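The values are calculated or read from the model by the stated rules, or taken from the named source; none is laboratory data. Computed from a prediction, not measured in an experiment: that's the story for all the values here. Using ideal geometry, Cβ is built from the backbone for each residue, glycine included, and neighbour counts are taken over all protein chains shown. Calculation scope for accessible area: heavy atoms of the full protein, side chains included, ligands and nucleic acids excluded. Shrake-Rupley method; radii C 1.70, N 1.55, O 1.52, S 1.80 Å.
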Amino acid sequence: QKEVEQDPGPLSVPEGAIVSLNCTYSNSAFQYFMWYRQYSRKGPELLMYTYSSGNKEDGRFTAQVDKSSKYISLFIRDSQPSDSATYLCAMSAYWARGNEKLTFGTGTRLTIIP
Amino acid sequence: DVKVTQSSRYLVKRTGEKVFLECVQDMDHENMFWYRQDPGLGLRLIYFSYDVKMKEKGDIPEGYSVSREKKERFSLILESASTNQTSMYLCASSPRLRAKNIQYFGAGTRLSVL
C-alpha cells in the first residue's frame, strides 16, 4: 500500500462549480500537508500549506486536514478554466536531518469546462 | 520569489550517452532534490542533497548519480542513458528549517532517450 493515495482522475467539472480533491495517507507521523498545482509541461508550484489538523483558506481555495481520519482535502470555489491543472498533495513528518523528503500523491488531473 | 532554474526544457539523447542535467537555485537553500515524473507513477525521488558535497539516495537511484560542488547548483548525471530513462525530470530546493519542508520546483526537463 502506498503511503499516500490520490485518485488520478481525470475530473471534469463545469465552470463555477465547487471542486473537491482528496488524499488519504497511512503514516500517522505526517504533520505538514501541502497542495501543489502543476500546469501542463510545467513544474509544480506550491498552492496551499497547512500544519496539523484544521482548515486554511486562501481566496477561492480551502485546504482541510483531518488527522484522525488521515484524510486531506482541497476545495476550489467558483472554479475557473485557469484552474485546469494537475493537483498534487504532499506531506512530511516533523523535520529532522535525513527527513527532508516530501511524500507525494500521484496527482489528480482537473479540467474546468467553460 | 524563489527561482529554481533547470538548464534545458527539452533534451534528446541516444542510448549509451552520458547525460548531464543542471539545476541552479537563487535562494541560498541548503536542500536540493532530483525527481522524475511519469504518468501514473507520480513524482519519484532520485537523489537529494542537504549540503555541499553531500548526497543521499532517494527511492530510485539506480542508473543515476549526482554532484553538488556549490550550494546553488545540483547536477543529475545519467552515466549511460537508456530508453527507460525517458521521462520528465524535476529539480527542487528547500530551506533547512525545522518546519514547513516546502519544496520549490523548476520548470522541468523533458528527456527523450532514443
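Entry remark, the stretch A:44-88: residues being within 13 Å of another protein chain (Cβ to nearest Cβ), in contact (Cβ under 8 Å) with a residue 12 or more places away in the chain and either surrounded by fewer than 18 Cβ atoms within 10 Å (Cβ to Cβ) or not β-branched (Val, Ile, Thr) (or both) number 9 in total.
Could you count how many residues in the stretch A:1-58 are of a type outside the set (Ser, Thr, Tyr) and part of a strand (DSSP E or B)? If you could, list the steps in order and put the result at the bottom.
If we filter the stretch A:1-58 for residues that are of a type outside the set (Ser, Thr, Tyr), which is where we start, we get A:1-11, A:13-19, A:21-23, A:27, A:29-31, A:33-35, A:37-38, A:41-48, A:54-58.
Among the residues that remain, those that are also part of a strand (DSSP E or B) are: A:4-6, A:11, A:13-14, A:19, A:21-23, A:33-35, A:37-38, A:45-48, A:54-58.
Qualifying residue count, the stretch A:1-58: 24.
Only one entry of B:Arg9, B:Arg44, B:Arg14 meets the criterion of being of a type in the set (D, E, K, R) and surrounded by 13 or more Cβ atoms within 10 Å (Cβ to Cβ), and that entry is B:Arg44.
For the stretch A:13-32, state whether one or more residues are more than 25 Å from B:Ile60 (Cβ to Cβ), among the β-branched types (Val, Ile, Thr) and surrounded by fewer than 18 Cβ atoms within 10 Å (Cβ to Cβ). Spell out how you get there, then give the answer.
Keep residues of the stretch A:13-32 that are more than 25 Å from B:Ile60 (Cβ to Cβ), which gives A:13-22, A:28, A:31.
Next, from what is left, pick out any that are among the β-branched types (Val, Ile, Thr): A:13, A:18-19.
If we keep only those that are surrounded by fewer than 18 Cβ atoms within 10 Å (Cβ to Cβ) too, we end up with A:13, A:18.
Yes: one or more hits.
Flag set for B:Glu69, criterion: loosely packed, with under 13 Cβ neighbours inside 10 Å and either more than 10 Å from the chain's Cα centre (by Cα) or not hydroxyl-bearing (Ser, Thr, Tyr) (or both).
Could you grab me the full set of residues in the stretch B:70-96 that are assigned to a strand (DSSP E or B) and within 14 Å of chain A (Cβ to nearest Cβ)? Hits for the stretch B:70-96 are B:Phe74, B:Ser87, B:Met88, B:Tyr89, B:Leu90, B:Cys91, B:Ala92, B:Ser93, B:Ser94.
Report yes if some residue within the stretch B:33-44 is without any contact (Cβ under 8 Å) to a residue 40 or more places away in the chain and assigned to a strand (DSSP E or B); otherwise report no. Spell out the reasoning first.
So the first thing to find is which residues in the stretch B:33-44 are without any contact (Cβ under 8 Å) to a residue 40 or more places away in the chain, and the list is B:39-42, B:44.
Remaining after also requiring assigned to a strand (DSSP E or B): B:42, B:44.
Looking for residues that are without any contact (Cβ under 8 Å) to a residue 40 or more places away in the chain and assigned to a strand (DSSP E or B), one finds at least one in the stretch B:33-44, hence yes.
The residue that is most open to solvent (accessible area, probe 1.4 Å), counting only those in the stretch B:17-32 that are of a type in the set (A, V, I, L, M) and not in a loop (DSSP other than H, G, I, E, B), is B:Val24.
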